[in-house]
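**Student:** I'd like to ask you about the structure that follows.
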Amino acid sequence: METKKQVSLKQYNTFGIAATTPLFVKVTSSLVLQEVLKDVRFKDSFILGGGSNVLFLKDLSLPVIKIAIPGIKIIEENEDVAIVSAGAGVVWHDLVMWCIANNLGGIENLSLIPGLVGAAPIQNIGAYGVELSDVFHNAIGIGREKGGSRIFYLEDCEFGYRDSIFKNELKDSYIITTLRLSLTKKNHRLNIDYGALSQTLEEMGVHSPTISDIAKAVTRIRSQKLPNPELLGNAGSFFKNPIVSNQKIKTIQNKFPGVPTYPIDGNYSKIAAGWLIEQAGFKGQQHGNVGMHKEQALVLVNYGNASGSELWNHAQRVIAGVKQLFDLTLEPEVNLIN
Ligand code: FAD
Ligand code: EPU
């Protein structure tokens, strides 16, 4: 295994923050990972995928293990369903494209989400009406303490909205090395109910969409709304959409009748945080090197060479502004790394 000392992480995070780590290693297989975990220098490390959901607040004191485990294959199939296995280091969107090329349905709505396969279960990635949990078969994780492997099935993962057991009870306990998805070979269960998606398919003149059409439509929406991290540093939605009681929603609606809400059950709904941030006046407003994006107010942007703390200071300004106007506290979706 080849380790490097004092490495800049600028190219390894989509905010483009120039934080450093004292020690860096890339792992290309589970066996190499197990070797690395035996090395006392890596006992406490930060696990890095594509760096598209992290904010480095300052230089890291921890070593970094960068996941680069490759491979995509079908490991089991019958007439209707295929179980696809992918290494944690595969680029998520490459997996989506591979599945579409092989006519396997289930993750087309998750096209163009940045990052690697291994991070997908951590926050249960989701977009345009589909979440990873809808197609999750299982995942293999290596225990950080003892180096043994464990299979996590759907019922083990406690998936929720941008949430899983890996962010809670098992935080920093396991490193995902392999993800297995259960995908359809025919009679794909298309999910086109998300407003922007059905609208875009209509604009494209598509009336009976294929999984490939859905991927194209999602790609089109995302390219219009979300800044490309290669051009403008960002980590997607910086905050989660708050889940609040319907009673609270009524209070907000009395003052702001247009608030976009999404029912969860009879008692709770999600509120669009981008809308809250826009009402609070932050959309498209630049503070020095940072600001909330002009097309999508939920996306915190690095316009230049912002540091992690500059970005976090602005996020706190936004939290305070939304709190003052709506009496709601936004919570970061992005992982804050000290
Ligand atoms: P990283 O940022 O490297 O890591 C994220 C967290 O997971 C860290 O805590 C890290 O330690 C941990 N981790 C990473 N790999 C592993 C592993 N193998 N085992 C254990 N822990 C690990 N997300 C959505 O859900 N939906 C979206 O629509 C969406 N759109 C986005 C759009 C843009 C433009 C950007 C920049 C981001 C978007 N995201 C979205 C967020 C991000 O793409 C996802 O959270 C993605 O899964 C992060 O993957 P990553 O490999 O970059 O993870
Ligand atoms: N809105 C505004 N102003 C804005 C942004 C949004 O009023 O500046 C309103 C929109 O008009 C719409 C509503 O908010 O009525 C929802 O907007 P959008 O469809 O863009 O979705 P979102 O709730 O802002 C979520 C996810 C995204 C995901 C999209 C599509 C979260 C935190 N974000 O965004 O995920 O791609 O839905 O499913 O749940 C991410 O996690 O990084 C991410 C980009």
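**Student:** Run a plain Debye calculation on region 3-67 (Cα atoms as equal point scatterers, no solvent) and give log10 I(q)/I(0) at q = 0.13, 0.16, 0.20, 0.25 Å⁻¹, rounded to two decimals, same order as the q list.
**Tutor:** Debye output, listed in q order: -0.32, -0.48, -0.74, -1.09.
**Student:** Shifting gears a bit: Ignoring ligands, DNA and RNA, please state the percent of accessible area on region 72-224 from carbon and sulfur, probe 1.4 Å.
**Tutor:** 46 percent
**Student:** Turning to a different aspect of this structure: Here is the link list: 294/323; 4/171; 250/323. Which ones come out longer than 19 Å on Cα distance?
**Tutor:** Among 294/323; 4/171; 250/323, the Cα-Cα distance tops 19 Å for 294/323; 4/171.
**Student:** State the Cα centre-to-centre distance between region 197-249 and region 22-93 in whole Å.
**Tutor:** Cα centres, region 197-249 to region 22-93: 27 Å.
**Student:** Using only the alpha carbons, work out the radius of gyration and Dmax of region 72-224 in angstrom.
**Tutor:** Cα only, region 72-224: 15.7, 55 Å (Rg, Dmax).
**Student:** Can I ask one more? Express in nm, to one decimal, how much length is gained between residue 62 and residue 102 on full extension, taking 0.36 nm for each residue of separation and deducting their alpha carbon distance. Numbers along the way, then the final one.
**Tutor:** Details: separation 40, 0.36 × 40 = 14.40 nm, distance 4.04 nm.
Between residue 62 and residue 102, full extension yields 10.4 nm more.
**Student:** Net charge near residue 307, counting Lys/Arg +1 and Asp/Glu -1 over other residues with Cβ under 13 Å of its Cβ? Spell out each step's value before the answer.
**Tutor:** Numbers: positive: 10, 58; negative: 59, 310.
Computed value for this residue: 0.
**Student:** Additional query: Around residue 1, under 13 Å between beta carbons, what's the net of Lys plus Arg minus Asp minus Glu among the other residues?
**Tutor:** Working: positive: 4, 26, 38, 41, 66; negative: 2, 35, 39.
Here the charged neighbours net out to +2.
**Student:** Can you give me the three principal axis dimensions of region 227-337 from its C-alpha atoms, in Å, biggest first?
**Tutor:** Taking max minus min along each principal axis of the Cα atoms, region 227-337 gives 44, 23, 23 Å.
**Student:** Now for a separate question. Past the 19 angstrom mark, what percentage of all C-alpha to C-alpha distances in region 168-279 do you count?
**Tutor:** Numbers: 4198 of 6216 pairs.
So the portion of pairs separated by more than 19 Å is 68 percent.
**Student:** Something else: How large is the accessible surface per residue of the chain, computed with a 1.4 Å probe and reported in Å² as a whole number?
**Tutor:** Working: 16060 Å² over 338 residues.
The answer is 48 Å² per residue.
**Student:** Please name which of 52, 7, 32 has its Cα lying farthest along the dipole of region 3-67 towards the positive end, using unit charges on Cβ (Lys, Arg +1; Asp, Glu -1) and the Cα centre as origin.
**Tutor:** It is 7.
**Student:** I would also like to ask the following. Under the rule of -39500 (n - 2.57) per DSSP H run of 4 or more residues, summed and divided by the residues of the chain, what mean residue ellipticity at 222 nm is obtained, to the nearest 500 deg cm²/dmol? Present the calculation step by step, with values, prior to reporting the outcome.
**Tutor:** On the way: 8 runs with 83 residues, N = 338.
Using -39500 (n - 2.57) per qualifying helix, the result is -7500 deg cm²/dmol.
**Student:** So how strong a dipole does region 72-224 carry about its Cα centre when Lys and Arg Cβ are +1 and Asp and Glu Cβ are -1, to the nearest 20 debye? Walk me through the intermediate numbers first.
**Tutor:** Working: 14 positive and 19 negative charges, 85 e Å.
Around 400 debye, computed over region 72-224.
**Student:** Let me ask something else about it. State the answer as a single residue: which of 109, 128, 87 lies farthest towards the positive end of the charge dipole of region 72-224, with beta carbon charges of +1 for Lys and Arg and -1 for Asp and Glu, about the Cα centre.
**Tutor:** 87
**Student:** Sticking with this structure for a sec: So, in nm, how far is label residue 187 from label residue 325 when the simple model puts each one 7 Å beyond its Cα toward the Cβ?
**Tutor:** Placing both labels 7 Å along Cα→Cβ, they lie 4.8 nm apart.
**Student:** Given 184, 227, 241, which one lies farthest toward the positive end of the charge dipole of region 167-245, if we put +1 on the Cβ of every Lys and Arg and -1 on the Cβ of every Asp and Glu?
**Tutor:** Result: 184.
**Student:** While we're on this one: Which of the chymotrypsin sites (Phe, Trp or Tyr not before Pro) found in region 136-169 are loop residues per DSSP with 15 or fewer other Cβ atoms within 10 Å of their Cβ?
**Tutor:** Answer in residue order: 161.
**Student:** Follow-up. Over 27 Å between Cα atoms, which of 66/167; 186/240; 58/216; 10/146; 58/225 qualify? Numbers along the way, then the final one.
**Tutor:** Values: 66/167 19 Å; 186/240 34 Å; 58/216 38 Å; 10/146 31 Å; 58/225 29 Å.
Listed pairs above 27 Å: 186/240; 58/216; 10/146; 58/225.
**Student:** To the nearest 20 debye, what is the magnitude of the charge dipole of region 15-87 about its Cα centre, counting +1 on the Cβ of each Lys and Arg and -1 on the Cβ of each Asp and Glu? Mind showing how you got there, number by number?
**Tutor:** On the way: 7 positive and 8 negative charges, 116 e Å.
The dipole magnitude comes to about 560 debye.
**Student:** Based on the inverse mean of 1/r over its pairs of different Cα atoms, what is the Kirkwood hydrodynamic radius of the chain, in Å?
**Tutor:** Details: mean 1/r = 0.0474 Å⁻¹.
That comes to 21.1 Å for the chain.
**Student:** Same structure, new question: Which value, in debye to the nearest 20, gives the size of the charge dipole of the chain about its Cα centre, when Lys and Arg are +1 and Asp and Glu are -1 at the Cβ? Intermediate results must be reported in sequence, preceding the final value.
**Tutor:** Values: 33 positive and 32 negative charges, 178 e Å.
I would put it at about 860 debye.
The values are calculated or read from the model by the stated rules, or taken from the named source; none is laboratory data. This one's a predicted model, so the numbers in the text were calculated from it and none came from an experiment. All Cβ positions, even for glycine, are placed from backbone atoms using ideal geometry, and neighbour counts span all protein chains on display. Side chains included, ligands, DNA and RNA excluded: accessible areas come from the protein's heavy atoms. Shrake-Rupley method; radii C 1.70, N 1.55, O 1.52, S 1.80 Å.
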